[in-house]
2 protein chains.
Amino acid sequence: MGDKIVGIIGGMGPEATVDLLTKIIRATPAKRDQEHIRTLVDNNPRIPSRVEAILGDGPSPGPVMAEMAKNLEKSGAHFLAIPCNTAHYYLSDVKEAVQIPVLDMIEETVKVLKADNIQNVALLATTATIATKLYENKLTEAGINFILPAPEYQEKVMETIFAVKSGDLEGIQKYTDEIINHCLELGAQAVILGCTELPIAYKNKEKYKITFYDPTEILARAIVRDALS
Amino acid sequence: MGDKIVGIIGGMGPEATVDLLTKIIRATPAKRDQEHIRTLVDNNPRIPSRVEAILGDGPSPGPVMAEMAKNLEKSGAHFLAIPCNTAHYYLSDVKEAVQIPVLDMIEETVKVLKADNIQNVALLATTATIATKLYENKLTEAGINFILPAPEYQEKVMETIFAVKSGDLEGIQKYTDEIINHCLELGAQAVILGCTELPIAYKNKEKYKITFYDPTEILARAIVRDALS
């Protein structure tokens, strides 16, 4: 019962937050309700668009995220997590707003890739995440070769992400296969599903001859590790 | 952007809370993140067992639920919802603790059954929910005939619920068919999945010749209705 409470700065998008909660439950060794960890979730889809802000076309979501972080800390959270890759561009806004630790999903993901000895990895992410170089910088530091889809495939990645956000079940499946084939052609041995909407599109990972890294899954395991520590 | 924020007293169990969040997303007419509603979720699986408390074998979860409700109100929730049927036995503790409205999932469910002109309905629920007569009283008031499974089938309902709670995928499917056949034999035209774990066991509703009422789904629609009103 002395386990820690995790606060989740969620809603970016709402589906991704639900996906994280599901993965936390699966990553927890529990047989009954009372063995699961407590999460405080601010599932706030009204946060200004990260993509629009980074591409120079909208207000920064940083202040809203900092406000949510403070509220979660006040409500009793012992540490925080953010289930949105792009939003990690504003990680320092969040860290400065609170006294409690904030998990870095991107750092956790790169740590796992490094431990698995991955050499060449493709990044599937929003154009905004790519523009921030969040993954690029950390992968390069770790000595991992970093592959990006060609522009026409990057557009297909974005269409897949927006299909998940709008619940367009047909659109979600439309490009999944050709995106992975493209990554294989570029020499990737692994792929980072670097937008929290993408694991929802790639539910059948077994059918592809590539290793998937799902930052949401990795974040879930880091949350359970820190909550039970 | 003037839409209301819903506070969710969750974690009873954690899967049921995730199921509610998923159903809220599906019930919301949204094309982009910013059109979804904001939820504040206290996903607290450490709440004392409702089943044990009601069957006379453990502390009341009422005070913890009241504390969570106050915290959610303070954090900015405009109204509250509780995705757990059995926990509705403590609804008055929650209502007394806060100034904001609290949705009654059981009342909302009976309203829908009444509007659909259902005459005979079977209740699948925890033994504790049945003991509280939460559904029985409201169904009787509404003039709807109320059917309970025979004791040996009630045990199979409980085993199914605990299989969901422990993530036992085989156990989840073990009795689903025979439970519904039993309800049909008893003359039920409809069945209430009166424990928030049960919709997770009955994902393939189409295969049965009975109408399902899922209180979690009904609660999700009520939340979206009230949040957007």
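The values are calculated or read from the model by the stated rules, or taken from the named source; none is laboratory data. As the structure is a computational prediction, the values presented were derived from the model and not from experiment. A quick note on method: Cβ atoms are made from the backbone with ideal geometry, for glycine too, and the neighbour counts reach across all protein chains shown. Surface areas here come from the heavy atoms of the whole protein model, side chains and all, with no ligands, DNA or RNA. Shrake-Rupley method; radii C 1.70, N 1.55, O 1.52, S 1.80 Å.
Odds and ends about this structure:
- The Kirkwood radius of the stretch A:1-101, taken over pairs of alpha-carbon atoms, gives through the Stokes-Einstein law at 10 °C and 1.306 mPa s a diffusion coefficient of 112 µm² s⁻¹.
- For A:Val102, the amide hydrogen comes within under 5 Å of the amide hydrogens of A:Leu80, counting only partners 5 or more places away or on other chains and with H modelled in the peptide plane.
- Chain B comes nearest to the axis taking it onto chain A at the Cβ of one residue; that residue and its distance, in whole Å, are B:Val41, 2.
- Taking Cβ atoms as reference points and 12 Å as the exclusive limit, the residues near B:Lys138 contribute a net charge of -2, counting Lys and Arg as +1 and Asp and Glu as -1.
- Quarter of the Cα convex hull surface for chain B, i.e. its orientation-mean projected area (nm²): 12.5
- Average partner coverage of B:11-22, which counts Cβ from other chains inside 10 Å: 5
- Annotation for B:Pro101, label-to-label distances across the other copies: 4.3 nm (shortest first, one decimal, point 7 Å from Cα along Cα→Cβ).
- Between B:Pro63, B:Pro215, B:Pro199, the Gaussian network model of chain B with springs among Cα atoms under 10 angstrom shows the greatest mean-square fluctuation at B:Pro63.
- With contributions of -39500 (n - 2.57) from each DSSP H run of at least four residues, the per-residue ellipticity at 222 nm computed over chain B stands at -14000 deg cm²/dmol.
- Protein heavy-atom accessible surface, 1.4 Å probe, per residue over chain B: 41 Å².
- Within chain A, percent of DSSP bridges classed antiparallel, to nearest 5: 5
- Within the stretch A:31-53, the residues that become at least 50 Å² less accessible when every protein chain is included than when their own chain is isolated (1.4 Å probe; DNA, RNA and ligands ignored) are A:Asp33, A:Gln34, A:His36, A:Arg38, A:Val41, A:Asn43, A:Pro45, A:Arg46.
- Per-residue 3J(HN,Hα) values for the stretch A:155-163, derived from phi via the Karplus relation 6.51 cos²θ - 1.76 cosθ + 1.60 with θ = phi - 60°, read 5, 5, 4, 4, 5, 5, 4, 5, 5 Hz in sequence order (x marks Gly and Pro).
- Considering only B:Lys31, B:Lys156, B:Lys114, the Gaussian network model of chain B with Cα springs below 10 Å gives its largest mean-square fluctuation to B:Lys31.
- Working note: Debye formula, equal point scatterers on the alpha-carbon atoms of the protein assembly as shown, no solvent; log10 I(q)/I(0) at q = 0.07, 0.13 Å⁻¹ is -0.37, -1.18.
- Cut-off under 5 Å, modelled amide H: who pairs with B:Ile147 long-range: B:Val121, B:Ala122, B:Leu123
- Taking all pairs of distinct alpha-carbon atoms in the stretch B:79-181, Kirkwood radius in angstrom: 15.1
- For the stretch A:1-62 versus the stretch B:68-141, the spacing of their alpha-carbon centroids is 26 Å.
- Local net charge near B:His78, Cβ-Cβ under 11 Å (Lys/Arg +1, Asp/Glu -1): -1
- Listed residues A:Cys84, A:Cys195, A:Cys183, most fluctuating in chain A (Gaussian network, C-alpha, under 10 Å): A:Cys183
- Ligands, DNA and RNA left out, the 1.4 Å accessible surface of the protein assembly as shown is 49% carbon and sulfur atoms.
- Pseudo-label separations to other copies for B:Gly76 - Cα-to-Cβ vector, 7 Å, nm: 2.0
- When accessible surface is computed with a 1.4 Å probe, chains A and B are found to bury approximately 3200 Å² between them, both chains counted.
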